[in-house]
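Shown below is the structure under consideration.
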Amino acid sequence: MAAHRCGLSLVFILIFSSLACHSSCDSLENANEDTEEKQSVSDTPREVNSDGSIAAEDLNERRGRSTDAELDRRDGTRTSEALTPAAAARDEFQEELVIRPLHSGDIYASFQFRTLWDTDFLQEGQKVSHYRLFPKSLGQVLSKFSVRELHISFTQGFWRTMQWGQPFIPSPPGAELWVWFHDTVSDVDGNWKELTNVLSGIFCASLNFIDLTNTVQPSASFKPLGLGNATDHRFLRYATLPREIVCTENLTPWKKLLPCGSKAGLAVLLKSEKLFHSSFHSQAVHIRPVCQDEQCTSKAWELRQTLNVVFDLYTAGQGKKEWSLFKMFSRTLTEACPLATSSKVYVDITDNPEGELFELSPATPLLSQAVVLGDRRTYSVFDLTRAETFGQLRSLNLLLRWKGDGGEMLRPLLHAERYVAGFGLQTGEIHTVIYNNHPYRAFPVLLMDSVPWYLQLYIHTLTVTSKSRDNKPSYIHYQPAKDRHRPHLLEMLIQLPPHSMTEVTVQFERALLKWTEYTPDPNHGFYVGSSVVSALVPSMVAMNTNFTQDQPLFSSFVPVKEESSYFVRVYTEPLLVNLPTPDFSMPYNVICLTCTVVAVGYGSFYNLLTRTFQVDEPSLPLAKRLANLIRRIRGVPLLT
Amino acid sequence: MELREFINFPGLTFPGLKITLLKPDIFFKQWYSWYSKIHSSHLESPLEVFHNHVYRLGIPDSHIVLMLADDMACNYRNPKPATVFSHKNMELNVYGDDVEVDYRGYEVTVENFLRVLTGRLPPSTPRSKRLLSDDRSNILIYLTGHGGNGFLKFQDSEEISNMELADAFEQMWQKRRYNELLFIIDTCQGASMYERFYSPNLMALASSQVGEDSLSHQPDLGIGVHLMDKYTFYLLEFLEEVHPASQANMNDLFKVCPQSQCVSTPGHRTDLFQRDPGSVLITDFFGSVRKVEITKDTINLTSPVEPPIKRSGSSDIQIESLTYVDQLPVAEIIHQKPKQKDWHPPDGFILGLWTLILLVFFQTYGIKHLKHIF
């Protein structure tokens, strides 16, 4: 029996060892395949450039890649005894600029810089200390506070949807920060507070004003934009600071996060004198986990830095419908960032198929089509990694010259507005108007409103009307405010009928704050953050649900789940509300008045009680005194 | 070993060189604190110009704490956004491309200013907002704005008095937060602000005596406000000639802007300072020079960082592919039940309870009592 058992166990051991050997052999082969793949990938840029001369940057890139591959092979052989072979954490950096001429004559430029990093900050027992392209300041913040997703944006100006269409990455005026924390965090509020302080130091902004009085936990909006399955909204925090200004001191640290800084690549165009002389300026940082490859088996961290700017025809353009890179940014492009794997400039020429609307120079043969925001758009592509893009002068200055007037712009399908109605300083009404401009499709939108506690909402007066009829929302989540602790949060899922206007009204009463809670300039008013309208808008063109590595960055920001609709987020205007303001000189007045009254009153009372009267004879002048002296001697009656 | 193997950067080549590591020895850790409050009628804050000078003379941005109470550069009323000029011919944009403002807008309060000086900040304050000085640091403080006899205005709504400032400096001295401190103030009756100092190693400069007003220098007719104060203008002209190796001393600084130029009489106070002002270099406070010692030893760089082990998920035979979350899951949202924090009794409970009570009452005492009720 024992022998049998020994025999059986031996058989088992043999089987297991053969399996183990097999798997490790497999993985070793995989490692070799990987390195071979990397070699082939590094070879392809060479093929592309075979007609022209091989650019120096490409050569270096290839050499770098081949040394990578050598290292990997060496690592592979060294760790082949371990069950899983190692792969060096790789960084990848891509940059692109999209220029879209708008119908009103303005021009919209959108920069996107994307750093992709194959590592997991939240891996147990893994301390990440080796940073290459990914900025160390952000990496340390992510690991210290167990952040799963971070989205922060600074915007100056308001995006006019009716005149400019939909932006690639929407953002509300002021500063906005929303963060998804990891499941392992036990004290989310403490982490949030520290995170806002650290970010205020990194971005030179007053984000430390974000505290519990303006933070909300949305229950249905702001789902994560990255990978994940569980979405427990206890780990989400959202806050906006509508009053926050954006200036050079915010742009400087933002530029420092880029691998090439502002020295090479597209970032040389980012000069503050020109960027802030615009109708709309928005810079944002988005960090989220994404699929590392097309099979989506492992995670990689993506850092996207986006900068959207709209230059006005009359202020920056001097009234002439002619735009060039030099006119917009006072710089031209001379080279791509050497650390970038792709560096491209896209110009939207969909409205200009035959060249009758505007003329684009220098001409480029490269064209690309992309489905973005529900529409198929055609782009002229300028690839900065190729030397011939820069031409003879070694600099690229795109020029768009208008020839004729454009037609009507297509109305955007979803549009929202908000305003305060009423008079006086006691009550008021907030009206939010949402337009659905689709001719025959109805779709649901999720409206999220976060109102500060000092505007006390009367939710019993909440009405939602579409086409003059009551429209009952399918989902309402309302969290009332707590004075000085929590703002109001109202989330509603409203079905918008086709081609209609939906109006949401709610009445409020203004509170009187304590005198230390007023800002130094209270008569300016108090800001109420923008409402957020999130919707899946039906698309006219089938959206691409496959995730490919070659997609341009502007079309791959929001993950697409189904073909027939695209996700869009619209922000309304922030509100400026006057609160009843006390007279701040009153403490001084009161002190003066009280002291005067007390002094006069007490003084008189004291005198009345303690003053005694004595008869006082007036003293005679000198002549009369002398005469009296003589009269006394003579014994004659005295003078008075 | 060669540097190229240690740092692996595709796209950047390193020639095969052996680097000998320099051993830096920071001679003075100079902490330069810049505090400024913008004069409400002045577009130009001398701060940015000082920033340029101080930058030029060697102090890094991490050693400067900048407080600006108003947003002038990106204000919508500025016809040239993101620019601030010090001279009406608009040749030099002093706001620059590199400025980092640490405290701005509503954060510039007396409390924050005193907390930065004394170091009593909440633990989550980032490093760029702290004054990380020690007992070997020389600190320069520059204040400008509206003031009066014994106070300086902050944000038009609060003041800092000369006694508070003196006490703050004493706290700094007790905590060994400075070696020597230079205090420059450009406001009306500025000399009153340094009258009450009592800590050692303090030197102070003011633009006007008690009873005198400090005046501003040039108006910009396009915007309608004044660009700079007279004292600051001449002080900056003086600093233009200072370079990192200059031997100019404090006595030269005291002579800046005499009454003929400034209309007000600048004052200074050196009795608390232990060294003779004639022997104190201007670059002791305005500049920073680091002493570098070169060593001839080579240091061996260790082997490159071990690449991280692949995630355990890949060792499974079946790998699940990760998915993105649905952005607007309508069905899920509609059926989401909000968590009820407070327990309420079920509907109709009170009504049912009263019906029960009445029923029991009439059961026990008979129906004849009904007429008393109705």
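Across the stretch B:236-260, what is the total count of residues that are in contact (Cβ under 8 Å) with a residue 40 or more places away in the chain, assigned to a helix (DSSP H, G or I) and more than 26 Å from the chain's Cα centre (by Cα)?
The number of residues fulfilling the criteria is 3.
Considering every residue within the stretch A:433-444, establish whether at least one is loosely packed, with under 14 Cβ neighbours inside 10 Å and more than 14 Å from every other protein chain (Cβ to nearest Cβ).
yes
What number of residues in the stretch B:69-103 are buried (at least 22 other Cβ atoms within 10 Å of the Cβ), touching a residue at least 60 places away in the same chain (Cβ under 8 Å) and closer than 18 Å to A:Phe329 by Cα?
Total meeting the criteria: 0.
May I pose another question? Which of the residues spanning the stretch A:200-246 are more than 9 Å from every other protein chain (Cβ to nearest Cβ) and of a type in the set (Val, Ile, Thr)?
Selection gives A:Ile210, A:Thr213, A:Thr215, A:Val216, A:Thr240.
Now, a different point. So in the stretch B:290-335, with the set limited to residues that are under 19 Å from A:Asn229 (Cα atoms), modelled with pLDDT under 75 and part of a loop (DSSP other than H, G, I, E, B), which one is farthest from the other protein chains (Cβ to nearest Cβ)?
B:Gln318
Among the residues of the stretch B:133-152 satisfying the criterion of being open to solvent by 40 Å² or more (accessible area, probe 1.4 Å) and either away from chain A (no Cβ under 14 Å) or at pLDDT 90 or above (or both), which is nearest to the chain's Cα centre (by Cα)? Spell out how you get there, then give the answer.
Let us first name the residues in the stretch B:133-152 that are open to solvent by 40 Å² or more (accessible area, probe 1.4 Å), namely B:134-136, B:146, B:149, B:151.
Filter once more, keeping what is either away from chain A (no Cβ under 14 Å) or at pLDDT 90 or above (or both): B:134-136, B:149, B:151.
Working: B:Asp134: 18, B:Asp135: 21, B:Arg136: 21, B:Asn149: 27, B:Phe151: 22 Å.
Within the stretch B:133-152, the match that is nearest to the chain's Cα centre (by Cα) is B:Asp134.
Continuing with this model, one more query. Name the residue that is least open to solvent (accessible area, probe 1.4 Å), counting only residues in the stretch A:219-244 that are of a type in the set (Lys, Arg) and touching a strand residue (DSSP E or B) at 6+ places or on another chain (Cβ under 8 Å).
A:Arg237
For every residue, the table says whether it meets (1) in contact (Cβ under 8 Å) with a residue 40 or more places away in the chain; (2) among the small types (Gly, Ala, Ser); (3) closer than 30 Å to A:Thr213 by Cβ; (4) buried (at least 23 other Cβ atoms within 10 Å of the Cβ).
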{"site": "A:Val246", "(1), (2), (3), (4)": "yes, no, yes, yes"}
{"site": "A:Gly265", "(1), (2), (3), (4)": "yes, yes, no, yes"}
{"site": "A:Lys271", "(1), (2), (3), (4)": "yes, no, no, no"}
{"site": "A:Val310", "(1), (2), (3), (4)": "yes, no, no, yes"}
{"site": "A:Gln318", "(1), (2), (3), (4)": "no, no, no, no"}
{"site": "A:Thr334", "(1), (2), (3), (4)": "yes, no, no, no"}
{"site": "A:Thr341", "(1), (2), (3), (4)": "yes, no, no, no"}
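Continuing with this model, one more query. Which one of these does A:Phe168 not meet: (1) in contact (Cβ under 8 Å) with a residue 12 or more places away in the chain; (2) open to solvent by less than 10 Å² (accessible area, probe 1.4 Å); (3) in contact with a Phe, Trp or Tyr (Cβ under 9 Å, 6 or more places away or on another chain)?
Single failed check for A:Phe168: (2).
Pick from the stretch A:248-263 the residues that are open to solvent by 20 Å² or more (accessible area, probe 1.4 Å) and more than 9 Å from chain B (Cβ to nearest Cβ): which of them is farthest from A:Phe390 (Cα to Cα)?
Across the stretch A:248-263, the extreme among qualifying residues is A:Lys256.
Out of (1) farther than 22 Å from B:Ala82 by Cα; (2) open to solvent by 10 Å² or more (accessible area, probe 1.4 Å), what's the single condition that is false for A:Pro289?
(2)
Do we find that B:Arg130 is more than 13 Å from chain A (Cβ to nearest Cβ) and either within 13 Å of the chain's Cα centre (by Cα) or open to solvent by 60 Å² or more (accessible area, probe 1.4 Å) (or both) in this structure?
When the stated conditions are applied, B:Arg130 does not pass them.
Does at least one position in the stretch A:579-597 carry a residue that is open to solvent by less than 80 Å² (accessible area, probe 1.4 Å), within 14 Å of chain B (Cβ to nearest Cβ) and in contact with a Ser or Thr (Cβ under 7 Å, 6 or more places away or on another chain)?
There is no residue in the stretch A:579-597 that is open to solvent by less than 80 Å² (accessible area, probe 1.4 Å), within 14 Å of chain B (Cβ to nearest Cβ) and in contact with a Ser or Thr (Cβ under 7 Å, 6 or more places away or on another chain).
Here are some conditions: (1) within 9 Å of chain B (Cβ to nearest Cβ); (2) open to solvent by 10 Å² or more (accessible area, probe 1.4 Å); (3) touching a Phe, Trp or Tyr at 6+ places or on another chain (Cβ under 6 Å). A:Asn197 meets all but one. Which one does it not meet?
(3)
For A:Glu491, indicate whether it is closer than 30 Å to A:Met540 by Cα, in a strand (DSSP E or B), charged (D, E, K, R) and within 14 Å of chain B (Cβ to nearest Cβ).
Spelling it out, A:Glu491 is indeed closer than 30 Å to A:Met540 by Cα, in a strand (DSSP E or B), charged (D, E, K, R) and within 14 Å of chain B (Cβ to nearest Cβ).
If you don't mind, there's one more thing I want to ask. How about the stretch B:132-235: which strands (runs of 3 or more DSSP E) wholly inside it have at least 1 residues that are among the small types (Gly, Ala, Ser) and farther than 24 Å from B:Phe286 by Cα?
Numbers: elements: B:138-144, B:151-154, B:158-161, B:180-186, B:202-206.
Where strands (runs of 3 or more DSSP E) fall fully within the stretch B:132-235 and carry at least 1 residues being among the small types (Gly, Ala, Ser) and farther than 24 Å from B:Phe286 by Cα, they are B:158-161.
Determine which single condition B:Arg120 fails, assuming it passes every other condition in (1) in a helix (DSSP H, G or I); (2) surrounded by fewer than 21 Cβ atoms within 10 Å (Cβ to Cβ); (3) away from chain A (no Cβ under 14 Å).
(1)
Right, here's the next one. Within the stretch A:471-484, is even one residue in a loop (DSSP other than H, G, I, E, B), hydroxyl-bearing (Ser, Thr, Tyr) and either modelled with pLDDT under 95 or within 25 Å of the chain's Cα centre (by Cα) (or both)?
yes
OK, next. For the stretch B:344-370, give me each residue that is part of a loop (DSSP other than H, G, I, E, B) and open to solvent by less than 100 Å² (accessible area, probe 1.4 Å).
B:Pro345, B:Pro346, B:Gly348, B:Gly366
Another question, then. Quick check on this structure: which one of A:Thr350, A:Thr364 is assigned to a loop (DSSP other than H, G, I, E, B), open to solvent by 30 Å² or more (accessible area, probe 1.4 Å), over 30 Å from A:Thr572 (Cβ atoms) and free of Cβ contacts under 8 Å to residues at least 60 places away in the same chain? Even if it seems obvious, please write down each step before you answer.
Working: A:Thr350 fails: over 30 Å from A:Thr572 (Cβ atoms).
It is A:Thr364.
Restricting attention to the stretch A:537-557, and to residues there that are within 12 Å of chain B (Cβ to nearest Cβ) and open to solvent by less than 40 Å² (accessible area, probe 1.4 Å), which single residue is nearest to A:Leu493 (Cα to Cα)? Steps first, answer last, please.
We begin by selecting, within the stretch A:537-557, every residue within 12 Å of chain B (Cβ to nearest Cβ); these are A:537, A:545, A:547, A:556-557.
Now restrict to residues that are open to solvent by less than 40 Å² (accessible area, probe 1.4 Å): A:537, A:556-557.
Values: A:Val537: 14, A:Ser556: 26, A:Phe557: 24 Å.
Residue satisfying both the conditions and the ranking: A:Val537.
Still on this model: So which residues in the stretch B:249-276 are at positive phi and either touching a strand residue (DSSP E or B) at 6+ places or on another chain (Cβ under 7 Å) or surrounded by 18 or more Cβ atoms within 10 Å (Cβ to Cβ) (or both), if there are any at all?
The answer is B:Cys257, and nothing else.
Facing chain A (nearest Cβ under 10 Å) and part of a helix (DSSP H, G or I), is that true of B:Tyr95?
no
State the number of residues belonging to the stretch A:312-331 that are more than 22 Å from A:Pro552 (Cβ to Cβ) and touching a strand residue (DSSP E or B) at 6+ places or on another chain (Cβ under 7 Å).
Residues flagged as more than 22 Å from A:Pro552 (Cβ to Cβ) and touching a strand residue (DSSP E or B) at 6+ places or on another chain (Cβ under 7 Å) within the stretch A:312-331 amount to 4.
Quick one: is B:Tyr55 in a helix (DSSP H, G or I), over 28 Å from A:Pro242 (Cα atoms), more than 11 Å from every other protein chain (Cβ to nearest Cβ) and not aliphatic (A, V, I, L, M)?
When the stated conditions are applied, B:Tyr55 passes them.
Where residues in the stretch B:104-116 are part of a helix (DSSP H, G or I) and without any contact (Cβ under 8 Å) to a residue 60 or more places away in the chain, which of them is farthest from the other protein chains (Cβ to nearest Cβ)? Break it down stepwise before answering.
So in the stretch B:104-116, the residues part of a helix (DSSP H, G or I) come out as B:105-107, B:110-116.
From the residues that got through so far, the ones that are without any contact (Cβ under 8 Å) to a residue 60 or more places away in the chain too are B:105-107, B:110-112, B:114-115.
On the way: B:Gly105: 6, B:Tyr106: 6, B:Glu107: 5, B:Val110: 12, B:Glu111: 11, B:Asn112: 10, B:Leu114: 17, B:Arg115: 13 Å.
Restricting to residues being part of a helix (DSSP H, G or I) and without any contact (Cβ under 8 Å) to a residue 60 or more places away in the chain, the top hit is B:Leu114.
The values are calculated or read from the model by the stated rules, or taken from the named source; none is laboratory data. Model, not experiment: these values are computed from the prediction. Note: ideal-geometry Cβ built from the backbone for every residue, glycine included; neighbour counts use all protein chains shown. With ligands, DNA and RNA removed, areas are computed over all heavy atoms of the protein, side chains included. Shrake-Rupley method; radii C 1.70, N 1.55, O 1.52, S 1.80 Å.
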